[in-house]
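Here the structure is laid out as structure tokens; the discussion comes afterwards.
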Amino acid sequence: MPQESVGDARRVSNSKLSVLRQNPIFRDLEPEALDQLCRYAKHTILKRGATLFAKDDPGNSLYAVISGTVKLSVSSPDGRNAILNLVGPGELFGEMSVLDGQPRSADATANTNCEIFVIDRRDFLPFVRSQPTLAMKFIELLCARLRWTSEQVEQVILQDLPGRLASALLGLIEKRKPDPANHTISITQQEISEMVGMTRESINKQLRAWAARNWVRLEHGAIVILDTSALRELAEAGTSAEE
Ligand code: CMP
């Protein structure tokens, strides 16, 4: 649950609200409609590790990340985790249950200290019904989620480790809308292994081989991508003998 609620969006600075305004989903809304949406948004601060919701919880809110990263993951009864997505500033999550009324499809945990906006389903649903352009944008978002998921299935079945790892790292930097030039990914090797479905040891071996070629730099809790073209070639090759 959110740990600290510091009031509604009217008391939140414009620079934070601009995260909502910059999201392509909201960009075409009339200014009055966007202001209305901003009035619904509650500003919340989460400490690293805090659980926002668990899989199968009722879906009562839509979330937008202002700063930090939220992890969307599922786990097996024996404690293994699969990370479905890491969402950062400007990105939305929790839209599936809000739109279809079904339970949450994954757990949401603060991966770093985070600031988020929370929009109540009871405010959001009437709002989206009154804004057909916005409804179309949400259809586009759901299509993007499905494409991302299809790509993950394709990678797991058809790509080898270097291709999967390269695709996952490129995916993480490319979807950063506000700051695509930032090539530092705050992620541990354990988390990468939970994203691509390979052991932490194999991930570590591959990353060290790439670091030796100056394709990446390994930092504590982060990876800096230095050569996107080299990784893109691997990702596009599908399979390769690179180790
Ligand atoms: P919801 O089901 O409400 O809660 C979990 C959220 O995780 C979900 O909405 C989406 O926002 C997000 N999510 C679920 N599955 C995926 C996926 N495969 N790829 C990206 N995001 C997902």
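The values are calculated or read from the model by the stated rules, or taken from the named source; none is laboratory data. Nothing here was measured: the structure is a model prediction, and the numbers come from that model. Reconstructed Cβ throughout: ideal geometry from the backbone, glycine too, with neighbour counts over all protein chains shown. The protein model used for the area step is the full one, side chains on, heavy atoms only, and it has no ligands, DNA or RNA in it. Shrake-Rupley method; radii C 1.70, N 1.55, O 1.52, S 1.80 Å.
Identify all residues within the range 152-169 that are of a type outside the set (S, T, N, Q) and open to solvent by 10 Å² or more (accessible area, probe 1.4 Å); write none if there are none.
Answer for the range 152-169, where residues must be of a type outside the set (S, T, N, Q) and open to solvent by 10 Å² or more (accessible area, probe 1.4 Å): Val153, Glu154, Val156, Ile157, Leu158, Asp160, Leu161, Arg164, Ala168.
For the range 93-119: of the residues being closer than 13 Å to Thr44 by Cβ and free of Cβ contacts under 8 Å to residues at least 60 places away in the same chain, which is nearest to the ligand (Cβ to nearest atom)?
Out of the qualifying residues, it is Gly94.
If you take the residues in the range 131-148 that are touching a residue at least 12 places away in the same chain (Cβ under 8 Å) and more than 18 Å from Gly90 (Cα to Cα), which one is least open to solvent (accessible area, probe 1.4 Å)?
Going through the qualifying residues, I end up with Gln131.
Could you tell me how many of the residues in the range 101-119 are in contact with an Asp or Glu (Cβ under 7 Å, 6 or more places away or on another chain) and surrounded by 19 or more Cβ atoms within 10 Å (Cβ to Cβ)?
So the count comes out to 1.
Out of Glu233, Glu243, report the one residue that is in contact with a Lys or Arg (Cβ under 8 Å, 6 or more places away or on another chain), at pLDDT below 95 and not assigned by TED's automatic domain parsing to the domain that holds Ser75.
That would be Glu243, the only listed residue that is in contact with a Lys or Arg (Cβ under 8 Å, 6 or more places away or on another chain), at pLDDT below 95 and not assigned by TED's automatic domain parsing to the domain that holds Ser75.
Give the number of residues within the range 71-100 that are at pLDDT 95 or above, open to solvent by 30 Å² or more (accessible area, probe 1.4 Å) and within 26 Å of Arg21 (Cα to Cα).
Qualifying residue count for the region: 4.
Here are some conditions: (1) without any contact (Cβ under 8 Å) to a residue 24 or more places away in the chain; (2) within 14 Å of the ligand (Cβ to nearest atom); (3) more than 12 Å from the chain's Cα centre (by Cα). Pro31 meets all but one. Which one does it not meet?
Answer for Pro31: the failing condition is (2).
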